[in-house]
1. Does the range 97-142 hold any residues that are assigned to a helix (DSSP H, G or I) and of a type in the set (V, I, T), and which are they?
2. Mind checking which pairs have a first residue in the range 48-76 that is touching a residue at least 24 places away in the same chain (Cβ under 8 Å) and a second that is part of a helix (DSSP H, G or I) and among the acidic types (D, E), Cβ under 6 Å, 6 or more apart or different chains?
3. Sort out which residues of the range 94-125 are exposed (fewer than 14 other Cβ atoms within 10 Å of the Cβ) and farther than 20 Å from P70 by Cα, and write them in order of number.
4. Which numbered condition in (1) modelled with pLDDT under 55; (2) surrounded by fewer than 15 Cβ atoms within 10 Å (Cβ to Cβ); (3) in a helix (DSSP H, G or I); (4) touching a Leu at 6+ places or on another chain (Cβ under 8 Å) is the only one that Q25 fails?
5. Just give me the residues in the range 60-93 being surrounded by 14 or more Cβ atoms within 10 Å (Cβ to Cβ) and among the hydrophobic types (A, V, I, L, M, F, W, C), in sequence order.
Amino acid sequence: MQILSKKMGAWMAVAALGTASLFAQTPPPARHFQHQGRSGAMMAAALNLTDAQKSQMKSIFQEARQSSQPVRQQLRQTRQSLQAAVQAGNSDQIQQLSATEGTEMGQLAAIHASARAKMFKMLTPEQQQKLSTLQASMHGRHHGPAGGAVQN
């Protein structure tokens, strides 16, 4: 599970290219979108993406957002129902809705991973290497030298 978590964290740099809203339960404030736009532009510049690649990536992530929309709506409803079950103290419903939430989050993760795979495949080998280096760098900053807690 920790390996999956590390891989997901490493891809967060790529997420700035357009998947920020993929997992959003509710729309984030405008400031968040402005930050994601800057991050995506910085990543595009760091990878030296061509205009054609930028366009392809935009299409890939728009498609992912569209295909994730019904799942995100269902997840939002599931979470509301789960909150009601918690407040009512309904243990059976809590178990069922928690499992449903996990399934829906898994569906979103699959959509997200597929979009990242399409994006990675369209990069040149040099860009893929650069992305891997950037991800390793970001992973080190977020998880410390040992891949776990940051040590003082």
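1. Narrowing the range 97-142 to residues assigned to a helix (DSSP H, G or I): 97-122, 125-142.
Within the range 97-142, T100, T103, I111, T133 qualify.
2. V71/E104; Q74/E104; L75/E104
3. Q95, A117, K121, T124, P125
4. Condition not satisfied by Q25: (3).
5. Correct list: I60, F61, A64, V71, L75, L82, A85, V86.
The values are calculated or read from the model by the stated rules, or taken from the named source; none is laboratory data. This one's a predicted model, so the numbers in the text were calculated from it and none came from an experiment. Cβ coordinates were reconstructed from backbone atoms using ideal geometry, including for glycine residues, and neighbour counts include every protein chain displayed.
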